[in-house]
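First comes the structure, then the notes that go with it.
The values are calculated or read from the model by the stated rules, or taken from the named source; none is laboratory data. Computed from a predicted structure; not experimentally measured. Glycine gets a Cβ as well: all are built from the backbone with ideal geometry, and neighbour counts include every protein chain shown. Protein only, heavy atoms only, side chains kept; ligands, DNA and RNA dropped before computing areas. Shrake-Rupley method; radii C 1.70, N 1.55, O 1.52, S 1.80 Å.
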Amino acid sequence: MAERAGNETYWNATAKVTAFPRLPGELKVDTAIIGGGIVGITTARLLKDMGQSVAVIEALRVGRQVTGGSTAKVTSQHGLIYQTLAKKFGEDRARLYAEAQQRGLRTIGQLAAAHRIDCDLEPAAAFAFTQQESHVAKIEKEVEIARHLGLPATLVRQTDLPFPVLAASRFDQQAQFHPTRYVTGLAATIPGAGSHVFEQSRAIDWGPDRVVTESGTVTASQVVMATHLPLGQVGGYYARAYPQAEPVIAARIGRVPQGMYINVEEPSFSIRTHTRENGDVYGIVAGTSFKPGHVDDEREHFATIERWLTDHFEAGAIEFRWVNEDYKSMDSALFIGWSAAPGNGYLVATGFDAWGITSGTAAARILADLATGRENPWLEIFDARRVKPIAGGAEFVKENAATAAHLVSGYLSRKPKSLDELDAGEAAILKLDGKQVAAFRDEAGGVHAVSAVCTHLGCVLGWNETDRTWDCACHGSRFDLDGGVIHGPAVTPLEVHRPG
């Protein structure tokens, strides 16, 4: 199976190929960690520093899934998050969020330096800007609150962007880096002295003290699910955080902005840069999110960010296109900590809302503290066991209504009546032999046909045209053309359709 089905991300294409072994059999450690992204690998490194033995169990390749598809901004500036948190949770808890992000930022710098990780980590100011008068007051308020919380924020009216802005919040002492090189470099420091990193080792069963894969079992005192969304139905987080897909592109640019930028209105535009060894500078741009599997929205949002990058930054041909996914919690705060009472649950982290670099590193610090019996003050806002998130319920109900519509109708044309009617490069959901079938005909004429029903909770899948995957709009599981799981919460592959 490919590291990521379909298009390769810019970060994965520009990172050295690394490899870790498959879980070879039976093993016992202090903490087992499912997931080899920034949360899982950072948690493992911190726990090893605390004297624990750890085993990271990655289903595919370390650092090359969601982390390897991010924009990789290392920043505590997350749009207009602080006024939202202050309103929903109060100023004291908003300050905890801010402190966690700043600590996550510093931790990345410290780990990169301590382990001499070549990950192109460089300072860069972070800007959230607007070109609309209706959003100026919001930015001014965000700066005021951020400064009150102790963040390095200032209000500016001019930026290095090639177009005028009306206002922007500027966060200094921020950074950007190469996420795949960072995570794989950090992972390489973990094996030894009773600790391990395993790839191509998908968890197929689990308990609070064990992880089972097809090739072996790890037993441990506790299990961390650093899996984007906890697997299966653990904690019910699939009902408290909804998936969103994000279009991302990369191309060489001639006009290079200094800093990292994101606007606060719709449509959304986020840009940062990366300089290659030969001096070429690439712009990495993300756009407005959409529900996974909604191919019409996917096409529209990719076209929008491609025009924006080309029009403003002297961009060459778009060389990389991919879709990244994340989860948004119903109250804007992450879920981090125990999914249930210690000993009966799992340590989890989810709901990063596309800000998973500093948030993921902060989450790793919380998870490491909890795994070693320590208290962590940030848990007050992030506690994964909060039963009724304080706010955001109406928006969440709206999202669930959209999901219900997806279940009924699907989002692909049903015009083809049979596999024979599929054109090369065409995907469709067909009714064959009384079953919903997700089918795709590749350019060589081969047909890939699998069940169109997600193995997590039975939702009808949608087509991801960019990555050529089948994605679940309900809970975010992704499958390759032949039904293999790319990421969960599903862990069981789709059934291959065999004409009866």
- request: Using just the helices of the chain, give the 222 nm mean residue ellipticity in deg cm²/dmol: DSSP H runs with n ≥ 4 each add -39,500 (n - 2.57), and the total is spread over all residues, rounded to 500.
  value: -8000 deg cm²/dmol
message: Need one number: % antiparallel among DSSP beta bridges in the chain, to the nearest 5.
response: 80
- prompt: Along region 34-41, what does the Karplus equation 6.51 cos²θ - 1.76 cosθ + 1.60 (θ = phi - 60°) give for ³J(HN,Hα), rounded to whole Hz, x for Gly and Pro?
  reply: 8, x, x, x, 5, 5, x, 5
field: Heavy-atom surface of the chain, accessible at 1.4 Å and reported per residue (Å²)
entry: 38
Dipole magnitude (debye, nearest 20) for the chain, charges at Cβ of Lys, Arg, Asp, Glu: 900
Stretchable slack from D160 to R106, in nm (0.36 nm times residue separation minus alpha-carbon distance): 16.9 nm
message: Let's test this: bin the Cα-Cα distances of the chain at 20 Å from zero up to the farthest pair and state each bin's percent.
response: 24, 59, 17, 0
task: Run the dipole for region 1-122 about the Cα centre, Lys and Arg Cβ at +1, Asp and Glu Cβ at -1, nothing else charged, and hand back the magnitude in debye, nearest 20.
output: 160
- line: Rounded to 0.05, the calculated FRET efficiency for the beta carbons of Q132 and Q258 at R₀ = 22 Å is 0.40
message: What whole-number distance in Å separates the alpha-carbon centres of region 188-203 and region 125-150?
response: 42
Added length on full extension, which subtracts the Cα-Cα distance from 0.36 nm per residue, K87 to E266: 62.2 nm
- prompt: So if R0 is 30 Å, what FRET efficiency would H115 and R22 give, r being the distance between their Cβ atoms, rounded to the nearest 0.05?
  reply: 0.80
query: How far apart, in nm, are the 7 Å Cα→Cβ label points at A239 and E122?
result: 4.8
query: Hey, any idea what % of the chain's accessible area is carbon plus sulfur with a 1.4 Å probe?
result: 49
- line: The answer for trypsin sites (Lys or Arg not before Pro) in region 138-236 that fall in a DSSP coil and have at most 16 neighbouring Cβ atoms within 10 Å is R157
field: Which listed pairs, of K28/K328; K328/K417; K73/K141; K48/K87; K16/K291, have C-alpha distances above 30 Å, in listed order
entry: K28/K328; K328/K417; K48/K87; K16/K291
- prompt: How many nm separate the modelled label positions at E319 and T492, each set 7 Å beyond the Cα in the direction of the Cβ?
  reply: 4.3
query: Label points 7 Å out from Cα along the Cβ direction at A424 and T219: separation in nm?
result: 5.6
- prompt: Taking a Cβ-Cβ separation under 4.7 Å as the criterion for a possible partner, which cysteines of the chain have none?
  reply: C119
